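One structure is given here, and the rest of the page talks about it.
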Amino acid sequence: MNCFYCQSHNTRLCKAKTALGYLQFRCRDCTKQFNERTGTAFNYIQYPTEVVMLAVHYYYRFRNSLDDVVELMALRGLHLSHQTVHNWTQTFGVELGLKLRERRYGQVGKKWHADATYIQVEGRWCYFYRAIDKEGNLVDVYLSDVRDQAAAEAFFEQAQTTTGVIPTQITTDKEAALYPAIENVFGATIKHRDSKYMNNTIEQNHRSIKSRLRVMKGFKNIFCALIFCTVFEEICQFFRMKSTTRAERRSLIAPKFQAFNDLLNCAA
C-alpha cells in the first residue's frame, strides 16, 4: 500500500493492527505510520466502516426513522444514539451521492421523462424536479423553491452535466415553463412530447420518493432536504435491479451491498 503522506511505494506492513482490526503500515521514506482508513472520512470513527455504511443503508434505502435504525443496529449488538446515525447520514451523504453520480456518467438513455413533484420543507411546499430515461433509470434530480423557467433550465443544465448525455426526446406533462427551458438548454431540434398520458412513466416513478417522505415529518431546512432526496434517489438507482426474478435479486444483494460498502472506503 502506498504511503498516504508522501505517496511512496517503500512501505512495510506492521505486525500490530488497529483496535478495529485494520492493517497498519509504516513508510520507510517519511517514517510515518498509517492504516487502511487513513485519508478517508472513516478514520476517526470508533466503529468499523461496515457498521457505518450499514446504518446509512438502513436509513436511506428503507422507510426507517433514526430511532428505527437505532433499534435495528441494537439487534446486531451495536448500541448507537439517533444523533450518531443522523451525523453519519449527513456526513457521508454528500460524498456518497457524488460517488454514485460519477458511476452513472454517460450511462443513461437519450429519451427522457421529466416532471416535478412536491415535498415539504420548513412547513412550505418546494418543487422536486426529477428525470428518468425510457428504461426507468435515474437521470438527475433538482430541488427548487420555485417552479418557473429559470428553475427548469437549471435542472436540465445540471442533468446534462451529470450524465454527459444530450437527449433526443423529452416527454413532459404540458407545464408551460418547460417549453422555453428545453429549447434554451438543448436547442429547437430536440423532440418535445407534451402528453400527460405519455408521461405516466415518471408519475409512477414518483412513488418511491413520495412513499419514503410520507413516514417523515418534513425537513427543517432545504439543505438537509437536498442531501436526503439526492442520496435517496442515487441509492435507489444503485440498487435497482430491473428484469430480474426474486431469486436472482437475492443472489445479487450481497455483491451489491459490498460494492456499496466500498464506495467511500478509499482514500480521497
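The values are calculated or read from the model by the stated rules, or taken from the named source; none is laboratory data. Remember, predicted model here, so these are calculated numbers, not experimental data. Please note: Cβ atoms are built from the backbone with ideal geometry, for glycine as well, and neighbour counts cover all protein chains shown. For the accessible areas, the whole protein counts, side chains as well, though only heavy atoms, and no ligand, DNA or RNA atoms are used. Shrake-Rupley method; radii C 1.70, N 1.55, O 1.52, S 1.80 Å.
Out of the range 30-44, which residues are crowded, with 18+ Cβ neighbours inside 10 Å and among the hydrophobic types (A, V, I, L, M, F, W, C)?
F34, F42
Report, by residue number, each residue of the range 108-125 that is at negative phi, outside any strand (DSSP E or B) and either charged (D, E, K, R) or touching a helix residue (DSSP H, G or I) at 6+ places or on another chain (Cβ under 9 Å) (or both).
Result: V108, K110.
Please find, among T172, T168, T162, T189, the residue that is of a type in the set (S, T, Y) and in contact with a Leu (Cβ under 6 Å, 6 or more places away or on another chain). Write out each step before concluding.
On the way: T168 fails: in contact with a Leu (Cβ under 6 Å, 6 or more places away or on another chain); T162 fails: in contact with a Leu (Cβ under 6 Å, 6 or more places away or on another chain); T189 fails: in contact with a Leu (Cβ under 6 Å, 6 or more places away or on another chain).
Just one listed residue meets the conditions, T172.
Those residues that are open to solvent by 20 Å² or more (accessible area, probe 1.4 Å) and within 20 Å of the chain's Cα centre (by Cα), I need them from the range 239-255; list them, please. If you could, list the steps in order and put the result at the bottom.
The initial filter retains those residues of the range 239-255 that are open to solvent by 20 Å² or more (accessible area, probe 1.4 Å), namely 240-255.
Once the filter is applied, which keeps residues that are open to solvent by 20 Å² or more (accessible area, probe 1.4 Å) and within 20 Å of the chain's Cα centre (by Cα), the range 239-255 yields R240, M241, K242, L252, I253, A254, P255.
Looking at the range 1-55, which of its residues are small (G, A, S) and either closer than 30 Å to F232 by Cβ or modelled with pLDDT of 90 or more (or both)?
Here is the first cut: in the range 1-55, the ones small (G, A, S) are 8, 16, 19, 21, 39, 41, 55.
S8, A16, G39, A41, A55, listed by residue number.
So which helices (runs of 4 or more DSSP H) stay within the range 142-236 end to end and still have 3 or more residues that are open to solvent by less than 30 Å² (accessible area, probe 1.4 Å)?
Details: elements: 149-163, 178-186, 200-205, 207-214.
Correct list: 149-163, 178-186, 207-214.
Taking the conditions exactly as written (assigned to a helix (DSSP H, G or I) and either under 18 Å from F232 (Cβ atoms) or in contact with a helix residue (DSSP H, G or I) (Cβ under 7 Å, 6 or more places away or on another chain) (or both)), does F128 satisfy them or not? Steps first, answer last, please.
Numbers: assigned to a helix (DSSP H, G or I): no; either under 18 Å from F232 (Cβ atoms) or in contact with a helix residue (DSSP H, G or I) (Cβ under 7 Å, 6 or more places away or on another chain) (or both): yes.
For F128, the condition - assigned to a helix (DSSP H, G or I) and either under 18 Å from F232 (Cβ atoms) or in contact with a helix residue (DSSP H, G or I) (Cβ under 7 Å, 6 or more places away or on another chain) (or both) - is not met.
Please count how many residues of the range 78-97 are in contact with an Asp or Glu (Cβ under 9 Å, 6 or more places away or on another chain) and within 15 Å of I235 (Cβ to Cβ).
The qualifying residues number 2.
For R104, only one of the following conditions fails: (1) among the charged types (D, E, K, R); (2) more than 14 Å from L178 (Cβ to Cβ); (3) modelled with pLDDT of 95 or more; (4) open to solvent by 10 Å² or more (accessible area, probe 1.4 Å). What is its number?
With respect to (1) among the charged types (D, E, K, R); (2) more than 14 Å from L178 (Cβ to Cβ); (3) modelled with pLDDT of 95 or more; (4) open to solvent by 10 Å² or more (accessible area, probe 1.4 Å), R104 is out only on (3).
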